[in-house]
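Here's the structure we're looking at; comments come further down.
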Amino acid sequence: MNIFYNEKGIGDVLMLTKEKLSNERRTVDQSGDVVQIINKENGEIAGINILNASTYGNVSGSGAIDLDSEVKQLVSTAFQKSGKELVFNLEQTPTFVIGYVESKDKHPNADKLSVCQVNVGDSILQIVCGAPNVEAGQKVVVALVGAVMPSGLTIKDAKLRGVDSSGMICSAMELGIEDAPTEKGILVLPETAEIGTAFQGNK
């Protein structure tokens, strides 16, 4: 599950996304400030938007955030006040994690792309990256396959100019972080960042 909050960019809306659906495959059920996105094909809840989120609790951070106890309480409170029963499983497997760029090689078929081997704690992922500032030895934010970006893009296994790529090394802007630089380039984390742990947004 992916959780996003970006008050400046989107508004006071907490978004919890389990599955990204096209407009044709989804229906919406709204009660008060609780909006549930439902998969038409199986009736399961694919996501929840909490409008006016800050009126129901505290949200720390911006962009991709962690499902901590405060966020769980906020969601529960919003559902209680809307009169709806919360049947959505509030458990989270991180889809945005801290990775370590083990190596960087030039893409054989594209001058502006690099082929990186990235350690995400439990595995080494091969990720094709187009950022001009990516280098071996960096700690970075990796969107794993299945992650849903703030833009709505779902990360999938891909083949970029003939080379397999699993995941994406993210920029601050792609993560929806407030006051992100506009120039191209990935977000480089400090050395103290712990490989394989969930990325905590602006916390």
Report task. Would you list which aspartates and glutamates come within 12 Å of Lys139, measuring only between C-alpha atoms, while excluding same-chain residues fewer than 8 positions from it? Result -> Glu102, Glu191, Glu194
**Report entry** Amide H partners (placed H, <5 Å) of Val13, local residues excluded
**Finding:** Asn6, Ala53
Query raised in the report: Against the longest principal axis of the chain, how steep is helix 69-82, in degrees 0 to 90 to the nearest 10, with axes from Cα atoms?
Result: 30
Report task. Would you mind calculating the relative contact order of the chain from Cα pairs under 8 angstrom and at least 6 residues apart, reporting the percent as a whole number? Result -> 21
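Just flag the trypsin sites (Lys or Arg not before Pro) in region 142-174 sitting in loop per DSSP whose Cβ has no more than 14 other Cβ atoms within 10 Å. Let's see the in-between values first.
Working: sites: Lys156, Lys159, Arg161; in loops: Lys156, Arg161.
Passing both the DSSP loop test and the Cβ count: Lys156, Arg161.
Beyond 22 Å between alpha-carbons counts as too far, so tell me which of Lys104/Lys159; Lys18/Lys156; Lys20/Lys184 fall in that bin. Please report the intermediate quantities before stating the final value.
Values: Lys104/Lys159 17 Å; Lys18/Lys156 15 Å; Lys20/Lys184 26 Å.
With Cα atoms farther than 22 Å apart: Lys20/Lys184.
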Query raised in the report: Using a Gaussian network model of the chain with C-alpha springs under 10 Å, which one of Glu174, Glu183, Glu19 is most mobile by mean-square fluctuation?
Result: Glu183
Query raised in the report: Under a 1.4 Å probe, what is the accessible area of region 48-203 per residue, stated in Å²?
Result: 50
Report task. Please turn the phi angles of region 7-20 into ³J(HN,Hα) values with the Karplus equation 6.51 cos²θ - 1.76 cosθ + 1.60 (θ = phi - 60°), one per residue in order, whole Hz, x for glycine and proline. Result -> 4, 5, x, 10, x, 7, 10, 8, 10, 10, 10, 9, 8, 7
Requested in this report: Would you mind getting me the FRET efficiency between Lys104 and Thr154? Use the beta-carbon distance for r and R0 = 45 Å, nearest 0.05.
Outcome: 0.95
Requested in this report: Could you size up the charge dipole of the chain around its Cα centre, putting +1 on the beta carbon of Lys and Arg and -1 on that of Asp and Glu, and report it in debye to the nearest 20?
Outcome: 440
Query raised in the report: Which one of Ser103, Leu67, Ser54 is farthest out on the positive end of the charge dipole of region 1-132, using unit charges on Cβ (Lys, Arg +1; Asp, Glu -1) and the Cα centre as origin?
Result: Ser103
Report task. Scan (i) 48, 30, 30; (ii) 56, 37, 31; (iii) 51, 38, 28 for the value of Cα extents along the principal axes in Å calculated from this model and give just the label. Result -> (ii)
Query raised in the report: For the chain, what does -39500 (n - 2.57) per DSSP helix run (n ≥ 4), summed and divided by total residues, give at 222 nm, in deg cm²/dmol to the nearest 500?
Result: -2000 deg cm²/dmol
Requested in this report: With a 1.4 Å probe and every protein chain kept in, tell me what percent of the accessible surface of the chain is carbon plus sulfur.
Outcome: 47
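The values are calculated or read from the model by the stated rules, or taken from the named source; none is laboratory data. Quick caveat: nothing in here was measured; it's all calculated off a predicted structure. For neighbour counting, all protein chains shown are included, and Cβ atoms are generated from backbone atoms with ideal geometry for every residue, glycine included. Please note that ligands, DNA and RNA were not included when accessible areas were found on the heavy atoms of the full protein model with its side chains. Shrake-Rupley method; radii C 1.70, N 1.55, O 1.52, S 1.80 Å.
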